[in-house]
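Novice: Attaching a single structure in structure tokens format; questions to follow.
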Amino acid sequence: MHGAGGHAAGRAVPGQYCDRDGGPEPGHDGALAGLPLFWPLPSAFLSNAAAAGGLALINSMGQVAGFVSPFLVGWIKDATGSTALALTILSSMLFAGARLVLVVPARPVNR
């Protein structure tokens, strides 16, 4: 949630995204803070072999997102002249991921 809020704050302030301290730093910190909480989730629900496949799927999706996101931001900036829409999309994706983690029932995870 912190990462989504930081990216949304970066979108709200006009100017160059990298020149502002109000958005990128909290957005980056918040996005990275959730990683240690996210990785153990497949092991909580899946068997050992299936958990390995789940972790591989998560890693593959992350690699694709890391490759596609810069191109998406650049394409949107070229098309609109602003990074506001790109930051809105990125913060929405962070919020959706946080929401998915929050709806995971606590009982199977805390065995």
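Novice: Among the helices (runs of 4 or more DSSP H) lying completely within the range 28-97, list those that include at least 1 residues that are exposed (fewer than 11 other Cβ atoms within 10 Å of the Cβ) and either of a type outside the set (Asp, Glu) or in contact (Cβ under 8 Å) with a residue 12 or more places away in the chain (or both). Spell out the reasoning first.
Specialist: Numbers: elements: 35-38, 41-45, 48-80.
In the range 28-97, the matching helices (runs of 4 or more DSSP H) lie at 35-38, 48-80.
Novice: Then there is this: Can you confirm whether residue 92 is within 11 Å of the chain's Cα centre (by Cα) and either modelled with pLDDT of 80 or more or among the hydroxyl-bearing types (Ser, Thr, Tyr) (or both)? Explain how you work it out, then say what you get.
Specialist: Working: within 11 Å of the chain's Cα centre (by Cα): yes; either modelled with pLDDT of 80 or more or among the hydroxyl-bearing types (Ser, Thr, Tyr) (or both): yes.
Yes.
Novice: Additional query: Any idea which of (1) closer than 22 Å to residue 101 by Cβ; (2) at pLDDT 80 or above; (3) aromatic (Phe, Trp, Tyr) is the one residue 38 doesn't satisfy?
Specialist: Of everything listed in (1) closer than 22 Å to residue 101 by Cβ; (2) at pLDDT 80 or above; (3) aromatic (Phe, Trp, Tyr), residue 38 misses just condition (2).
The values are calculated or read from the model by the stated rules, or taken from the named source; none is laboratory data. These figures come from a predicted structure and were not determined experimentally. Neighbour counts are summed over all protein chains in view; Cβ atoms, including those assigned to glycine, are modelled from backbone coordinates with ideal geometry.
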